[in-house]
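These notes are about the structure you will find just below.
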């Protein structure tokens with residue numbers, strides 16, 4: 001766990017707002033995204049979301065859970081936006097991107113520390 005950084009909530013909430021806004025539109029702007037391009041978009045968006053959430057909370061697990069729940073909520077929301085549809089595969093790509101994003105944000109944060117009952121390591125090249 002790392003120290004939470006509250007300012008990271010700003011980009012996290014902006015990304016969530018952008019995802020929700022795009023999901024509310026009958027058509028996304030730009031060219032149509034067919035499989036697998038839409039899955040790449042899902043993966044990338046949730047990678048960015050979980051990265052910012054992990055930095056905001058300082059916790060990989062919290063970031064993954066928040067992003068996964070938001071992805072599920074967003075997929076359910078899309079079911080009510082004609083002609084969009086909800087998809088489990090889309091949500092799985094959301095979760096995969098969120099996992100990678102949360103891992104990248106806090107890589108190296110969970111390194112195990114030495115046990116207190118172990119003697120400290122000796123410097124290489126010094127005789128005792």
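The values are calculated or read from the model by the stated rules, or taken from the named source; none is laboratory data. Everything quoted here is computed from the prediction, not taken from an experiment. Every residue, glycine as well, gets a Cβ built from its backbone with ideal geometry; the counts of neighbours run over all protein chains shown.
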Expected single match for at negative phi and surrounded by 14 or more Cβ atoms within 10 Å (Cβ to Cβ) among 39, 69 is 39
Over the range 62-81, the set of residues assigned to a helix (DSSP H, G or I) and without any contact (Cβ under 8 Å) to a residue 40 or more places away in the chain is 62, 64, 65, 66, 67, 68, 69, 71, 72, 73, 75, 76
Scanning the range 1-30 for residues that are within 23 Å of residue 91 (Cβ to Cβ), touching a helix residue (DSSP H, G or I) at 6+ places or on another chain (Cβ under 9 Å) and not in a helix (DSSP H, G or I) gives 28, 29
In the set 84, 115, 111, the lone residue that is surrounded by 11 or more Cβ atoms within 10 Å (Cβ to Cβ), at pLDDT below 95 and outside any helix (DSSP H, G or I) is 84
